[in-house]
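Notes to accompany the following structure.
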Amino acid sequence: MESENLVFAFHFFIDTITLFMEIVTASILDLNALRKLENESFGKDAWPIFDLIAVLTFSGVIRIKAVEDDQMVGFVAGDPRSNEGWGWIATIAVDQRYRRRGIGRALLHACEAKLGVARSRLTVRISNQAAISMYEKDGYATTEIWNGYYNDGEDGMVMEKELQH
C-alpha cells in the first residue's frame, strides 16, 4: 500500500526572496528526474537504472522527494527493517543549486519519521565532510568504517542514530 504523501511547506528567506518547497512521496513518474539528480550528485557512484526503478517501485521502500517550482530538487529513500529494529537511509541527494538551505535535513527527518524503527543507519564517503557534519549535528555517530566500500576504493563511514518515537 502506497504511503500517504507527506507535505511540508518550508519558507526560506534569502535576500528577501521566499522559496516554497514541498516534501512528497516520489513515484516511478520521477525516474528521469531521479536519474539526473543521482548522476549529478554521485557521478561514478550513481545507482544504475535498475536500482532507481526498484527504489521507486518496490513495496516497503520509503521514497520522498523535495519539489520546488515543479522540479525535483532532492530525494531520499529509506529501507525499514522493522524485524531488526533499525532502518537504512539508502540514498539522499540534493541538487547542488539548492544545497545549504535545509532541504537535506528536511528530507532526512521526513524519512526517519516514516521508518517506524528505533534506529536509523546510513553510509557516507569518509571524505564527504559536509554530509558527515550535517549527520553529526543531527545526532548520528560513527559505528564502523567499511574499507573500500565505494567503487574507487574510498572507505564508507557507517553512522547510526537513535530515533525518538
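Hey, what's the Kirkwood Rh for segment 9-162 if you take every pair of different alpha carbons, in angstrom? Every distinct Cα pair counted, the radius reaches 16.0 Å.
Estimated from the Cβ-Cβ distance and a Förster radius of 25 angstrom, the FRET efficiency linking GLU22 and VAL158 is about 0.20.
Taking only complete DSSP H runs, can you tell me which helices of the chain stretch 15 Å or more along their own long axis by Cα positions and average at least -0.5 on the Kyte-Doolittle scale?
Values: long enough: 31-42 (16 Å, -0.60); 103-115 (18 Å, 0.64).
Those that clear 15 Å and a mean of -0.5 are 103-115.
Residues whose amide H lies under 5 Å from that of LEU163, counting only those 5 or more places away or on a different chain, are ARG119, SER120; hydrogens are built 1.01 Å from N in the peptide plane.
Taking Cβ atoms as reference points and 11 Å as the exclusive limit, the residues near GLU40 contribute a net charge of +1, counting Lys and Arg as +1 and Asp and Glu as -1.
Simple point charges give the picture: +1 on the Cβ of Lys and Arg, -1 on the Cβ of Asp and Glu, and for segment 9-162 a dipole about the Cα centre of about 160 debye.
Values in this text are rule-based calculations from the coordinates and carry no lab data. Note that the coordinates shown come from a computational prediction; the quantities given were computed from them, not determined experimentally. Here the Cβ is made from the backbone with ideal geometry for all residues, glycine too, and neighbour counts use every protein chain on show.
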